[in-house]
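Take a look at the structure below.
Just so it is clear, none of the values below were taken in a lab; they were calculated from the coordinates. These figures come from a predicted structure and were not determined experimentally.
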Amino acid sequence: MAFIEKAVFFLMMMMTAFQVSHAAVHKVGDSAGWTIIGNIDYKKWAATKNFQVGDTIIFEYNAKFHNVMRVTHAMYKSCNASSPLTTMSTGNDTIKITNYGHHFFLCGIPGHCQAGQKVDINVVKVSAAAAPSPTSAMASPVPPANVPAPSPNNAAPFIVVKGAGIALMTLLALALSSYA
Ligand SMILES: *[C@@H]1O[C@H](CO)[C@@H](O)[C@H](O)[C@H]1NC(C)=O
Ligand SMILES: *[C@@H]1O[C@H](CO)[C@@H](O)[C@H](O)[C@H]1NC(C)=O
Ligand SMILES: [Cu+2]
């Protein structure tokens with residue numbers, strides 16, 4: 001049964017990585033919101049957050065004076081608002097983060113991005129420090145330090161950890177294939 005134990009332990013590691021944080025809501029600029037007043041440093045704001053897949057980003061602003069454009073990295077860098085990927089303009093726009101990586105936003109009103117109204121929401125993988133890539137995470141035999149030592153008794157509570165059955169099946173398949 002050593003194989004099954006390995007598979008279960010691997011699953012636990014994966015689940016730990018996926019369940020670390022519950023979905024959070026991040027209001028861009030906190031109480032100041034999305035604005036050019038007060039020279040908000042959105043880079044600094046973003047640096048204090050731990051963005052995760054499943055989190056929600058809220059842009060709150062006066063829709064008469066601002067908007068929110070999702071743009072590419074190049075457009076973000078150069079404050080080019082000529083062809084945004086998406087544009088939002090309700091004054092209370094929410095974005096659900098569904099994937100890892102950088103998510104670039106700027107205000108498309110002329111001059112605002114240049115004045116600093118731009119933000120890079122960088123969503124890093126939870127296990128990034130321990131495992132730089134999914135491939136090495138799979139291959140690594142060494143568990144992250146914060147994962148409790150496995151014992152057969154952990155298997156039972158693990159089963160009831162809340163999570164979709166589909167995800168479990170997928171992870172099990174992954175675990176099995178990586179140990180096959
Ligand atoms: C802005 O981006 C568009 C589309 O990518 C490009 O055609 C245009 O030359 C850019 N403008 C500037 C000023 O870089
Ligand atoms: C913005 O929307 C969120 C829900 O998406 C709501 O909780 C919040 O009160 C709204 N804020 C304003 C100013 O309408
Ligand atoms: Cu603006």
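Sequence-distant contacts, meaning Cα pairs under 8 Å at least 6 residues apart, place the relative contact order of the range 25-123 at 34 percent. In this structure the amide hydrogen of Asn67, modeled in the peptide plane, comes within under 5 Å of the amide hydrogens of Gly108, Ile109, none closer than 5 places in sequence on its chain.
Each residue of the range 59-65 was assigned a 3J(HN,Hα) from its phi angle through the Karplus curve 6.51 cos²θ - 1.76 cosθ + 1.60 (θ = phi - 60°); the sequence is 9, 10, 6, 7, 5, 6, 10 Hz, with glycine and proline shown as x.
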